[in-house]
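Asks: Structure provided below as structure tokens; questions to follow.
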Amino acid sequence: MTTLVTGSAGHLGEALIRVLRERGENVVGIDINASPFTDAVGSIADRNFVRSCFHAVSTVLHTATLHKPHVATHSMQDFVDTNITGTLVLLEEAVRANAARFVFTSTTSVFGDALRPPPEEPAAWVTEDVVPIPKNIYGVTKLAAENLCQLFHRRERLPCLVLRTSRFFPEEDDNAERRSAFSDDNLKANEFLHRRVELEDVVSAHLCAAERAQEIGFGRYIVSATTPFLQGDVHNIRRDAADVIEERVPGTRAAFEKVGWQMYDSVDRIYVNAKARRELGWRPRNDFSNIVEAASRGQDLKSKLAIDVGSKGYHAEVFADGPYPVENA
């Protein structure tokens, strides 16, 4: 049987295909853009194209999407067409082809304004129980696509698992203030405390989800690096994160001083991956302590898989004020 991977020209799609092919599995990659990992070029909103790719497909790993970096450069209709209509077409064709499982790559961006506690409030401890409040068309359409997955499980009994991934792209940060305050490696290392995940771990989460989908049926899971923080830290990390970090990961201060990095002063949210580890049997290999150790040894912070996939950018054009234009909203 065959695994269909959408978004095969993207970071995650390529990474999944690399790993699946190394295992000797049958895999078909589709994308709107040609790439060495794309077997068929076309839009996931094109039913005839999608149907032609469903020969002997048992597993769908749906990573194709318009992302946050496209919010200011693409129309809302573009987001609806790709993220909602494209997902609907894939779900319908998966049912038609009697596929056994469907794994949908979503995003922690669906939480939106639920991640913005006022300055005097404790950090947000973000589990799957937090009610999403999308703040842009990206979050709205990804949440709608999640709900389509739930609908197809309920109506068609298609096993569908939703993975809400945190940041894993290697491109520089879109926030000019953060870019000026931290070097790129420093910023990404800090994010492993609460809002980043390594690409190889995102891949393993998808493979775990595919293995467990029929047993579970439907579920939503946060896929982020395991935080060293405890829930009782949510007050202190808002006021003096550096002391809490040193307490939870001893030696961080010295390691950061060695490489000329800065620790966080404050953390406003923590993504909690406990449900994914418990129910999917997912065992992420990379966390903040590993990153600190790698930095202190002068090693690359990225996994071999992430290095092999590399940086892809978000647009064909180059922007003067950051990796992509940011919508003021």
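The values are calculated or read from the model by the stated rules, or taken from the named source; none is laboratory data. It should be emphasised that the depicted structure is a prediction, and the values quoted were computed from it without experimental measurement. Cβ: placed from backbone, ideal geometry, glycine included. Neighbour counts: every protein chain shown.
For (1) modelled with pLDDT under 95; (2) within 23 Å of Lys68 (Cα to Cα); (3) part of a loop (DSSP other than H, G, I, E, B); (4) hydrophobic (A, V, I, L, M, F, W, C), each residue gets a yes or a no:
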{"site": "Glu92", "(1), (2), (3), (4)": "no, no, no, no"}
{"site": "Val95", "(1), (2), (3), (4)": "no, no, no, yes"}
{"site": "Ser106", "(1), (2), (3), (4)": "no, yes, no, no"}
{"site": "Val110", "(1), (2), (3), (4)": "no, yes, no, yes"}
{"site": "Pro119", "(1), (2), (3), (4)": "yes, no, yes, no"}
{"site": "Pro122", "(1), (2), (3), (4)": "no, no, yes, no"}
{"site": "Trp125", "(1), (2), (3), (4)": "no, yes, no, yes"}
{"site": "Glu128", "(1), (2), (3), (4)": "no, yes, yes, no"}
{"site": "Val131", "(1), (2), (3), (4)": "no, yes, yes, yes"}
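Asks: Right, here's the next one. Show the residue pairs meeting these rules: Cβ distance below 9 Å; 6+ apart or different chains; first residue within region 151-180 and of a type in the set (Gly, Ala, Ser); second residue surrounded by fewer than 19 Cβ atoms within 10 Å (Cβ to Cβ) and not in a strand (DSSP E or B).
Replies: Ala176/Asp321; Ala176/Gly322; Ala176/Val326
Asks: Pairs only if they're at least six apart or on different chains, beta carbon under 9 angstrom, first in region 270-296 and under 13 Å from Leu207 (Cβ atoms), second among the aromatic types (Phe, Trp, Tyr) and modelled with pLDDT of 95 or more; list them, first residue then second.
Replies: Correct list of pairs: Ala276/Tyr221; Ala276/Trp282; Leu280/Tyr221; Trp282/Tyr221.
Asks: Hey, can you tell me all the residues within region 49-84 that are under 19 Å from Ser8 (Cβ atoms), over 22 Å from the mean Cα position of the chain (by Cα) and not in a loop (DSSP other than H, G, I, E, B)?
Replies: Correct list: Phe49, Val50, Arg51, Ser52, Val57, Ser58.
Asks: Right, next: Of all residues being under 21 Å from Pro132 (Cβ atoms) and aliphatic (A, V, I, L, M) in region 191-221, which is surrounded by the most Cβ atoms within 10 Å (Cβ to Cβ)? Just the residue, please.
Replies: Ala209
Asks: Here are some residues: Trp261, Trp282. Which one is in contact with a strand residue (DSSP E or B) (Cβ under 9 Å, 6 or more places away or on another chain) and outside any helix (DSSP H, G or I)?
Replies: On the way: Trp261 fails: in contact with a strand residue (DSSP E or B) (Cβ under 9 Å, 6 or more places away or on another chain).
Trp282 is the lone residue from the list that is in contact with a strand residue (DSSP E or B) (Cβ under 9 Å, 6 or more places away or on another chain) and outside any helix (DSSP H, G or I).
Asks: Within region 229-245, how many residues are under 27 Å from the mean Cα position of the chain (by Cα), under 28 Å from Gly298 (Cβ atoms) and surrounded by fewer than 21 Cβ atoms within 10 Å (Cβ to Cβ)?
Replies: 1
Asks: Yes or no: Lys275 among the basic types (Lys, Arg), more than 25 Å from Asp300 (Cβ to Cβ) and in contact with an Asp or Glu (Cβ under 9 Å, 6 or more places away or on another chain)?
Replies: Working: among the basic types (Lys, Arg): yes; more than 25 Å from Asp300 (Cβ to Cβ): yes; in contact with an Asp or Glu (Cβ under 9 Å, 6 or more places away or on another chain): yes.
Judged against the criteria, Lys275 is a match.
Asks: Next up: Exactly one condition in (1) closer than 22 Å to Leu16 by Cβ; (2) buried (at least 23 other Cβ atoms within 10 Å of the Cβ); (3) not polar (S, T, N, Q) is false for Pro170; which is it?
Replies: Failed condition: (2).
Asks: Which pairs have Cβ atoms under 7 Å, sit 6 or more apart or on different chains, and link a residue in region 84-101 that is more than 17 Å from Leu161 (Cβ to Cβ) to one that is in a helix (DSSP H, G or I) and of a type in the set (Val, Ile, Thr)?
Replies: Correct list of pairs: Ile84/Thr141; Val89/Val50; Glu93/Val50.
Asks: Taking the criterion of being under 17 Å from Ala123 (Cβ atoms) and at pLDDT 95 or above, would at least one residue in region 274-289 satisfy it?
Replies: Yes, region 274-289 contains at least one residue that is under 17 Å from Ala123 (Cβ atoms) and at pLDDT 95 or above.
Asks: Those residues that are surrounded by fewer than 20 Cβ atoms within 10 Å (Cβ to Cβ) and closer than 30 Å to Gln231 by Cβ, I need them from region 147-161; list them, please.
Replies: Matches in region 147-161: Asn147, Gln150.
Asks: Take region 31-48 and flag every residue that is assigned to a strand (DSSP E or B) and over 16 Å from Ala97 (Cβ atoms).
Replies: Within region 31-48, the first condition is being assigned to a strand (DSSP E or B), and the residues that meet it are 31, 40-41.
Within region 31-48, Asp31, Val41 meet the criteria.
Asks: Let me ask something additional. When the residues of region 11-54 are narrowed to those that are hydroxyl-bearing (Ser, Thr, Tyr) and within 21 Å of Val203 (Cβ to Cβ), which ends up surrounded by the most Cβ atoms within 10 Å (Cβ to Cβ)? Step through it out loud before you land on a result.
Replies: Our first condition is that a residue be hydroxyl-bearing (Ser, Thr, Tyr); within region 11-54, this holds for 35, 38, 43, 52.
With the extra rule that they be within 21 Å of Val203 (Cβ to Cβ), the set shrinks to 35, 38.
On the way: Ser35: 16, Thr38: 22.
The selected residue is Thr38.
Asks: Looking at (1) within 30 Å of Asp243 (Cα to Cα); (2) modelled with pLDDT of 95 or more, which one does Ser303 not meet, given that it meets all the others?
Replies: (2)
Asks: If the Cβ limit is 7 Å and pairs must be 6+ apart or interchain, which residue in region 15-37 that is at pLDDT below 95 pairs with which residue that is acidic (Asp, Glu) and assigned to a helix (DSSP H, G or I)?
Replies: none
Asks: Further question on the same structure: With Lys142, Lys135 as the choices, which residue is surrounded by 14 or more Cβ atoms within 10 Å (Cβ to Cβ) and in a helix (DSSP H, G or I)?
Replies: On the way: Lys135 fails: in a helix (DSSP H, G or I).
So the residue among Lys142, Lys135 that is surrounded by 14 or more Cβ atoms within 10 Å (Cβ to Cβ) and in a helix (DSSP H, G or I) is Lys142.
Asks: With the structure loaded, tell me whether Ser224 is surrounded by 23 or more Cβ atoms within 10 Å (Cβ to Cβ) and of a type in the set (S, T, N, Q) or whether it fails that test. Outline the logic, then answer.
Replies: Values: surrounded by 23 or more Cβ atoms within 10 Å (Cβ to Cβ): yes; of a type in the set (S, T, N, Q): yes.
Here the answer is yes, as Ser224 does meet what is asked.
Asks: I need every pair where a residue in region 247-260 that is within 14 Å of Phe229 (Cβ to Cβ) has its Cβ under 7 Å from the Cβ of a residue that is surrounded by 13 or more Cβ atoms within 10 Å (Cβ to Cβ) and polar (S, T, N, Q), sequence separation at least 6 or different chains.
Replies: Short answer, once both residue conditions are applied: Val249/Ser289.
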